[in-house]
Amino acid sequence: MRPEMADTNLELVPVTNEEEMRRKRRKKRKRVGAVLVVAMMTMISDWYYRKRPRHIVDAHEVAERNVIARKQMLRNLYQGSNVYCYDSLRLTKRSFSDLCAILRERAGLHDTLNVSVEEKVAMFLLIVGHGTKMRVIQSTYGWSLEPISRHFNEVLRGILSLRHEFIKLPDPSAVQPNDPKWKWFEDCLGALDGTHIDVFVPLADQGRYRNRKQRITTNVLGVCDRHMKFVYVLAGWEGSASDSRVLRDAMTREDAFAVPNGKYYLVDAGYTNGPGFLAPYRSTRYHLNEWAAQGNNPSTARELYNLRHASARNVIERTFGLLKMRWAILRTHSFFDLKNQQRDMDDLLLHEVDNMISVESVEVQEQASMITNVQSSNEWNNFRDTKANQMFADYQARRGQHV
């Protein structure tokens, strides 16, 4: 090898190593620079995300969405299938629509800005039909407690203001249906009895409202006709009051319960047997379950009379039973304050309701001879004995037994 070439190779080696090192440094600087750029971009992005202007929530828009959602939920109750409407509101779609129309026309209910009459009535029926508490309505439909209570009382006052239009004393001249149960009670207009509804009262008043079964109740007088329709209702008496005491009070009120002369209602043994009220014989088998348990036939006139009396008077028991089955609020302890209930129903409504009585109905009551008190009489006892003897004579003749 030539000496000149050897020197050239020795000079190239250091140059090549330096270039390689420079390339490595450049690559390292690029990587570090890329990392710095990414870090800075991340910091800038995070800063911008935190400093960007927030989205301002429109309260009116949110309220409007809530109203639309609530309206749709309630519409599903009374605009869905007829079965679903009855299961939810305890009324058919047609009855619900008619009730809303009547409350609009006669009770003065009207739509507000966010709540329609249908929504008010649906909320009212949910409470009385299923015993639903207002707080459950609040959480389900997005209402606050104040408007729920206000709309509930508005519908309640509207319905109570119509009571004289739907709960009327029967026409004594109307032709009664031919029913075997009422064959021996030709002049009977129906039956009456008292029922106990559980209520919530302050501790100081519980003694007066405690009935003989040691339950805190109110004693409600109900009178129904042969078709299981109420013709008179009196609520508010303490559970400790006797049925006969409640009846006497009902016949002395301004909107008194009265019976036309010559007509009567069937009552149980807790009432006085007197003109207008035909009671069974005491100390004699009476209730239908007693006859079903023993399974034997009546052997005396009094037993036969009591059996047929119980079969006919059972109409009021069935009416009360259907009423409580349909409206759950009557089956359980009410969570409403009794004092506030009486204030709403008595102080605010009774005067308005009394003014709604038509002049025609008042004239009929003034002209007709009415029974306005409860008192026992020998004449009425003889009337009952005669009817019992006639029943038993016919019963023996049909069985081929002649006395």
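The values are calculated or read from the model by the stated rules, or taken from the named source; none is laboratory data. Just so you know, these numbers come straight off a predicted model, no measurement behind them. Here the Cβ is made from the backbone with ideal geometry for all residues, glycine too, and neighbour counts use every protein chain on show. Quick note on the areas: whole protein, heavy atoms, side chains included, nothing else; ligands and nucleic acids left out. Shrake-Rupley method; radii C 1.70, N 1.55, O 1.52, S 1.80 Å.
At a glance:
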item	result
Sole exception among (1) in contact (Cβ under 8 Å) with a residue 24 or more places away in the chain; (2) open to solvent by 30 Å² or more (accessible area, probe 1.4 Å) for V115, by number	(2)
E290, sole failed condition from (1) open to solvent by 20 Å² or more (accessible area, probe 1.4 Å); (2) at pLDDT 90 or above; (3) part of a helix (DSSP H, G or I)	(2)
Every pair of residues 6+ apart whose Cβ atoms lie under 7 Å, when the first sits in region 372-397 and is closer than 15 Å to Y305 by Cα while the second is surrounded by fewer than 13 Cβ atoms within 10 Å (Cβ to Cβ)	Q396/H402; Q396/V403
Residue among T217, T195 that alone is without any contact (Cβ under 8 Å) to a residue 24 or more places away in the chain and within 17 Å of I329 (Cα to Cα)	T217
Candidate set from region 146-172 (those that are of a type in the set (D, E) and in contact (Cβ under 8 Å) with a residue 24 or more places away in the chain); member that is surrounded by the most Cβ atoms within 10 Å (Cβ to Cβ)	E154
Of all residues in region 74-116 being of a type in the set (G, A, S) and touching a Leu at 6+ places or on another chain (Cβ under 8 Å), the one that is farthest from P147 (Cα to Cα)	S88
Options N219, N211; residue that is open to solvent by less than 30 Å² (accessible area, probe 1.4 Å), over 27 Å from K168 (Cβ atoms) and of a type in the set (S, T, N, Q)	N211
Cross-chain or 6+ apart pairs with Cβ under 6 Å, region 234-258 first and open to solvent by 30 Å² or more (accessible area, probe 1.4 Å), then not in a strand (DSSP E or B)	W237/V246; E238/R208; E238/Y209; S240/R208; D243/G270; R248/V374
Matching residues in region 118-145 - criterion: being touching a residue at least 60 places away in the same chain (Cβ under 8 Å) and either over 20 Å from Q79 (Cβ atoms) or of a type in the set (V, I, T) (or both)	I127, V128, G131, K133, T140
Selection status of R226, within 18 Å of W380 (Cβ to Cβ) and surrounded by fewer than 19 Cβ atoms within 10 Å (Cβ to Cβ)	no
Hits in region 315-353 (condition: small (G, A, S) and at pLDDT below 90)	A328, S334
R65, sole failed condition from (1) open to solvent by 80 Å² or more (accessible area, probe 1.4 Å); (2) modelled with pLDDT of 90 or more	(2)
Considering residues of region 156-172 that are charged (D, E, K, R) and within 19 Å of the chain's Cα centre (by Cα) only, the residue modelled with the highest pLDDT	R157
Failed item in (1) in contact (Cβ under 8 Å) with a residue 12 or more places away in the chain; (2) open to solvent by 40 Å² or more (accessible area, probe 1.4 Å); (3) assigned to a helix (DSSP H, G or I); (4) not hydroxyl-bearing (S, T, Y), with Q206 passing the rest	(1)
Matching residues, region 72-101, being part of a helix (DSSP H, G or I), open to solvent by 30 Å² or more (accessible area, probe 1.4 Å) and either touching a Gly at 6+ places or on another chain (Cβ under 8 Å) or among the basic types (K, R) (or both)	R75, K93, R94
Filtered residues of region 173-203 (kept if open to solvent by 100 Å² or more (accessible area, probe 1.4 Å) and within 25 Å of the chain's Cα centre (by Cα))	F200
Within region 193-203, considering residues that are part of a strand (DSSP E or B) and in contact with a helix residue (DSSP H, G or I) (Cβ under 6 Å, 6 or more places away or on another chain), the one farthest from R313 (Cα to Cα)	I197
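Condition check ((1) part of a loop (DSSP other than H, G, I, E, B); (2) modelled with pLDDT of 90 or more) across all residues:
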residue: V175; (1), (2): yes, no
residue: L221; (1), (2): no, yes
residue: H227; (1), (2): yes, no
residue: G236; (1), (2): no, no
residue: D249; (1), (2): no, yes
residue: T252; (1), (2): yes, yes
residue: A269; (1), (2): yes, yes
residue: Y281; (1), (2): yes, yes
residue: T284; (1), (2): yes, no
